[in-house]
Amino acid sequence: MYSQPREAITGFVFDESVVKVFEDMIGRSVPGYSTLLSMFPVLSRYFVTPDSRCYDLGCSLGASTLAVLQGIDKPGVEIVAVDNSPAMIEKFESVISGHKGQVKVDVQLEDVTKIIIENASLVVMNFTLQFIAESVRQSLVDNIYKGMNEGAAFILSEKIKLNEKNDNERLVSLHHAFKKANGYSDLEISQKRTSLENVLIAETVDQHVERLKNAGFSEVIVWFQCFNFVSIVAIK
Ligand SMILES: C[S@@+](CC[C@H](N)C(=O)[O-])C[C@H]1O[C@@H](n2cnc3c(N)ncnc32)[C@H](O)[C@@H]1O
């Protein structure tokens with residue numbers, strides 16, 4: 001998408017052109033993405049309880065939903081997968097329509113800040129909070145917490161920034177090295193970076209932990225990190 005020089009670089013949107021390349025793009029841009037997803041069946045088998053719901057907030061093409069699905073071995077479970085990009089939801093619906101199994105998957109075109117969360121034993125938000133306005137992040141996390149059962153888990157994966165300037169620059173530089181190793185040119189890296197400016201607002205781990213604790217989560221653990229990308233598990 002960014003291989004040719006562009007006169008003007010507009011803000012990144014999850015539209016049809018992104019959907020076409022999304023699976024390839026996320027795997028080549030997010031260090032550790034496939035390893036992270038490969039742990040979701042372990043996490044879902046561990047946390048999901050009978051007759052409860054799982055939520056995949058910002059589901060895109062459903063990679064997290066499908067990984068969570070693999071680990072569910074309890075009866076009466078439903079997965080609710082939500083995204084506000086019509087192009088993403090249309091493609092994911094066509095993939096999941098062939099799914100036949102015990103677990104019902106309900107795909108919803110909706111804003112995650114507007115949904116009601118109920119009876120959740122697992123909530124996954126994989127690289128999506130970073131795209132939500134900072135002013136509503138606390139109320140969104142509060143809402144997630146309220147809809148979760150005791151002992152349920154919220155898996156939050158995010159690109160982060162580091163408190164120390166030099167440490168931050170080092171991990172940003174390593175992230176670029178990762179993208180170059182995956183075949184992206186300097187031009188592609190810099191044009192995508194410009195496009196994501198003011199769209200993807202990364203925070204520090206401390207900011208995430210504080211917000212999760214404010215919401216009421218008693219246990220907040222960084223369980224995965226690869227360069228400047230982390231995943232946190234917060235348990236109610
Ligand atoms: C980086 S992608 C998520 C990747 C996906 N969770 C995965 O594991 O492959 C971010 C997604 O969040 C969605 N998104 C952003 N803001 C949203 C909102 N307010 N409500 C619902 N979805 C949103 C975008 O449309 C996009 O599909």
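Helix 205-215 and the long axis of the chain differ in direction by around 30°, with both axes built from C-alpha atoms. Plainly put, region 124-199 has a radius of gyration that is 1.08 times its Kirkwood radius, both from alpha-carbon atoms, as the Rg/Rh ratio. Cross-link pairs exceeding 26 Å in C-alpha to C-alpha distance, out of K91/K114; K74/K161; K159/K180; K159/K236; K20/K161; K104/K161, comprise K74/K161; K20/K161; K104/K161. Exposure proxy for T128, T113, T35: other Cβ atoms within 10 Å of each Cβ, ordered fewest to most, give T35, T113, T128.
Here the alpha carbons of the chain define both size measures, Rg and Dmax, at 17.5, 54 Å.
Hey, what did the chain get for relative contact order, percent, Cα under 8 Å, at least 6 apart? Computed value for the chain: 23 percent relative contact order.
When the charge dipole of the chain is built from unit charges on Cβ atoms (+1 for Lys and Arg, -1 for Asp and Glu) and taken about the Cα centre, the candidate among F224, V82, T65 whose Cα reaches farthest toward its positive end is F224.
Nearest 500 deg cm²/dmol is fine: what mean residue ellipticity at 222 nm does the chain get from its DSSP H runs of n ≥ 4 alone, each adding -39,500 (n - 2.57), divided by its residue count? Taking each H run of at least 4 residues, the total per residue is -13000 deg cm²/dmol. Can you tell me the orientation of helix 186-196 relative to the chain, as the angle in degrees between its alpha-carbon axis and the longest Cα principal axis, to the nearest 10? Helix 186-196 sits roughly 50 degrees off the main axis of the chain.
Taking the fewest neighbouring Cβ atoms within 10 Å as the starting point, the ordered list for T204, T194 is T204, T194. For region 98-143, the list of trypsin sites (Lys or Arg not before Pro) that fall in a loop by DSSP and count at most 10 other C-beta atoms within 10 angstrom reads K100, K114.
Shape class for region 74-140, computed from the alpha carbon gyration tensor (a ≥ b ≥ c): oblate, with a/c not under 1.5 and a/b at or below b/c.
Readers should treat all values here as calculations from the given coordinates under stated rules, not as data from a laboratory. Because the structure is a prediction, the values reported are computed rather than measured. As a convention, Cβ positions derive from the backbone with ideal geometry for all residues, glycine included, and neighbour counts pool all protein chains shown.
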